[in-house]
Amino acid sequence: MSGPSAWVIVKILERVRAVDSIQRASADVRDEALETYDALRAAAIHWQEQRTGTTPPDPEQGESANESGSVTRPLSAVEAAALLGCTERRVRQLLAAERITGSRVAGRWLVDGDSVDDYLIAKSVA
């Protein structure tokens, strides 16, 4: 597996913290699972480098933004709209359709930065 499929799978595994769960598995299962994860991540990094000329960040670094513009902090609807190149209303439509994720806090939307990144990746692949 390579390219966008690997990138999407790696993003999903990182989001659900699957690597943390793998660490608790038995040694033989853990070794095989981590080897598979490493291969997927390598394919994803290669694809990202080919596509944008940048390397994605290591998920263990915990940075709020990386060199390729990915955002891992909550965004306002206005910030999400700017990143997506659309209106704030369109962001609310994407939230309602569950194409991106977020939560309402004090009557305002906080959009998950990772979901915006995922949406942009899926849109660029399609």
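Proximity of backbone amide H atoms, modeled 1.01 Å from N, is registered between Ile100 and Leu95 at under 5 Å, excluding neighbours fewer than 5 places apart on the same chain. Placing a pseudo-label 7 Å from each Cα along the Cα-to-Cβ vector at Ala42 and Arg99 gives an inter-label distance of 3.6 nm. With contacts taken as Cα pairs under 8 Å and at least 6 residues apart, the range 69-119 reaches a relative contact order of 48 percent. Karplus-based coupling profile of the range 28-45, in residue order and whole Hz: 5, 5, 4, 4, 5, 5, 5, 5, 5, 4, 4, 5, 5, 5, 4, 5, 5, 5, with θ = phi - 60° in 6.51 cos²θ - 1.76 cosθ + 1.60 and x standing for Gly or Pro.
Only the coordinates and a few stated rules stand behind these numbers; no lab work does. Computed from a prediction, not measured in an experiment: that's the story for all the values here. Ideal geometry is used to build each Cβ from the backbone, glycine not excepted, and the neighbour counts take in all protein chains shown.
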